[in-house]
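S.K.: Sending over a structure as structure tokens; questions will come in a sec.
Each value in this text was obtained by applying a stated rule to the coordinates, not by laboratory testing. Given the structure is predicted, the values throughout are model-derived calculations rather than measurements. A quick note on method: Cβ atoms are made from the backbone with ideal geometry, for glycine too, and the neighbour counts reach across all protein chains shown.
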Amino acid sequence: MYLCIAAAVIGLLADVVCVRKGRQKEWGLYALILVVSGILGILICVEDGSYDTKQRQDVIERPTPGSGDIEKTYVLSVEDLEIKEPYRVTIENRHLTKVELEELFEQAVQELEQAFLGENESFDRITQKVFLVTDVLDGRVEVNWRFDNYQTVNLEGELQQEALTEEGTMVQVTATLSYEDIQVEHQFSMMVYPSPKTETERFYERLERDLQIKNESTDEQFQLPEEVAGHALIWKKQKQKKPYTILLLGLCAMAGVAIGRKEDQRKAKAARDEQLLAEYPQMLSQMELLLGAGMTVSNAWERIVVSYENRRASMKEPTPPMPVYEEMRVTYHQMKDGVGERKAYEAFGERIGLQAYRRLSTLLVQNLRKGTAGLCKLLEKEMRDAFEAQESYAKKKGEELQTKLLLPMMLMLGLVIVIIMIPAIAGFQV
């Protein structure tokens, strides 16, 4: 302690000297470190209590009762035996006097009895679960329980209703209270009664009893009771739930039909889109050929539509329409009815909805102002891209078809193996 004070004082004096001589930058930091070290040492001494030379080192303030033991490490010196080494001392908390123990157990008994009752009003009438606490007084006192009759109350404090009677059952309760090595038994009695029943529960008990009496009779007919415990009874047969089941099945069928129709529409649209993509290169080829011959876009469009109509009219047997030419017919008649070419071509791409046709409508609209000079080259490039896309699509479909054929091939292989193995197995048995 004194050494720490001296270090702090020396550090302060050195700092003052450094300031006066203007050498604070050189030695000021060392002085500051010495001051801080001395102050920290003083604080540690104050915290440890070693600064008080008047306090006897062999006298220790013991912990309060129930707060637990503490351990302290000292340097033990015995000159005669030449011993000087650290030694750990365990100091137990202060033990209670006899009077203090009696007061402690009285408080513990009051707390455990109050906790034991729970929702019950007194020990003379126990109708609800009792609570078997394991400790009281904030854990200072431990509690163990036992009963003289476990058929009425179990170790969880739950009442066994089937073993209880309306007259009540006397149960002896023993609570063993433990504080350190001291144990005290506290005994008391309680009267256990069945839990109070609601009017509905009493009604069903009476009804079951009346039905049991009727079942024990020898009459040829069984008549349901008309009155039980002053309550008039009305008996009706339970309605069958088949109509509701049928209605539910009908709703499920409607949902199935709606889902099926939606799936059919999706498949039809997918098939139409596939056919439109297949017809796209052919239509571009015709358009490019006519534009190359010097026709305008509208004249080439009209020529393709008229040629398609004449071809269908000359057929003896009706054939499925070609979607792309049907859409071109709609656009052609729109232009005849006064719709501008630009709007007609834009509507053509929007109706079909495929990316390729949207590009075509964009090309036609953009070249309305420029003329058909550069349109032929653009259509030629678009046609090449369309043929390549169609070729890639055909390869993809072929790969999917090969995958789908794997299952039939595996089934046929299994059938062949069975045909070969059956005669072989029959030959071994012979």
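S.K.: In percent, how large is the relative contact order of the chain, given Cα pairs closer than 8 Å and 6 or more residues apart? Numbers along the way, then the final one.
M.R.: Values: 378 pairs, mean separation 27.6, N = 430.
Reported as a whole number, the value is 6 percent.
S.K.: Where a Cα-Cα gap under 22 Å defines reach, which lysines qualify for K237, not counting those fewer than 8 residues away within the same chain?
M.R.: Output for K237: K214.
S.K.: Along each of the three principal axes of the Cα atoms of the range 153-206, give the extent in whole Å, ordering the values from largest to smallest.
M.R.: Dimensions of the range 153-206 along the principal axes of its Cα atoms: 55, 19, 15 Å.
S.K.: Before anything else, pin down the relative contact order of the range 98-192: Cα pairs under 8 Å, at least 6 apart, normalised by residue count, whole percent. Could the numbers behind the result be given before it?
M.R.: Values: 152 pairs, mean separation 24.1, N = 95.
Computed over the range 98-192, the figure is 25 percent.
S.K.: Between 0 and 90 degrees, rounded to the nearest ten: what's the tilt of helix 355-370 against the longest Cα principal axis of the chain?
M.R.: 60 degrees
S.K.: Per 10 Å bin from zero, what fraction in whole % of the C-alpha pairs of the range 130-171 is there, up to the bin with the longest pair?
M.R.: 25, 44, 22, 8
S.K.: Out of all DSSP beta bridges with both ends in the chain, state the antiparallel percent to the nearest 5. Before the final figure, lay out the partial values.
M.R.: On the way: 32 of 33 bridges.
Bridges in the chain that DSSP calls antiparallel: roughly 95 percent.
S.K.: Next question. Between V228, V78, V130, find the one with the highest GNM mean-square fluctuation for the chain; connect C-alpha pairs within less than 10 Å.
M.R.: Answer for the Gaussian network model of the chain: V78.
S.K.: Now, a different point. Looking only at Cα atoms, what is the convex hull volume of the range 390-430 per residue, in Å³? Numbers along the way, then the final one.
M.R.: Details: hull volume 1.7 nm³, N = 41.
Considering the Cα atoms of the range 390-430, their hull volume per residue is 41 Å³.
S.K.: While we're looking at this one, here's another question. Kirkwood Rh, Cα Rg: Rg to Rh for the range 284-372? Don't skip to the end; give the middle numbers.
M.R.: Details: Rg = 13.3 Å, Rh = 13.7 Å.
My calculation of the ratio gives 0.97.
S.K.: So, one more: Kindly put K237, K343 in sequence by how many other C-beta atoms sit within 10 Å of each C-beta, fewest to most.
M.R.: Lowest to highest Cβ neighbour count: K237, K343.
S.K.: For the range 62-184, state the average projected area of the convex hull of the C-alpha atoms over all orientations, rounded to one decimal in nm².
M.R.: Values: hull surface 44.0 nm².
The orientation-averaged projected area of the Cα hull of the range 62-184 comes to 11.0 nm².
S.K.: Mind telling me which of T127, T97, T319 comes out most flexible in a GNM of the chain, alpha-carbon contacts under 10 Å?
M.R.: Residue with maximal mean-square fluctuation among T127, T97, T319: T319.
S.K.: Let me ask something else. Compute the separation of the alpha-carbon centres of the range 137-188 and the range 75-93 and state it in Å as a whole number.
M.R.: For the range 137-188 versus the range 75-93, the Cα centre distance is 48 Å.
S.K.: Next question. When you have a sec, figure out the Kirkwood radius of the range 91-161 from all distinct Cα pair distances and drop it here in Å to one decimal? Can you show the working numbers first?
M.R.: Numbers: mean 1/r = 0.0721 Å⁻¹.
Kirkwood radius, the range 91-161: 13.9 Å.
S.K.: Something else: ³J(HN,Hα) across the range 408-422 via Karplus (A = 6.51, B = -1.76, C = 1.60, θ = phi - 60°), whole Hz, x for Gly/Pro?
M.R.: Couplings: x, 5, 5, 5, 5, 5, x, 5, 4, 4, 5, 4, 6, 6, 4 Hz.
S.K.: Taking every Cα atom in the chain, find the radius of gyration and the maximum pairwise distance Dmax, and write them in Å.
M.R.: Rg then Dmax for the chain, in Å: 52.2, 137.
S.K.: Oh, and also: Could you give the angle, 0 to 90 degrees to the nearest 10, between helix 341-352's Cα long axis and the longest principal axis of the Cα atoms of the chain?
M.R.: Approximately 60 degrees, to the nearest ten.
S.K.: Can you work out D for the range 205-330 in µm² s⁻¹ from Stokes-Einstein, where Rh is the Kirkwood radius over C-alpha pairs, the temperature is 4 °C and the viscosity is 1.567 mPa s? All intermediate terms of the calculation are to be shown ahead of the outcome.
M.R.: On the way: Rh = 22.6 Å.
The estimated diffusion coefficient comes to 57 µm²/s.
S.K.: A follow-up question, please. What is the helix-to-structure angle for 242-292, meaning the angle in degrees between its Cα long axis and the longest Cα principal axis of the chain, kept from 0 to 90 and rounded to the nearest 10?
M.R.: Once rounded, the angle reads 50 degrees.
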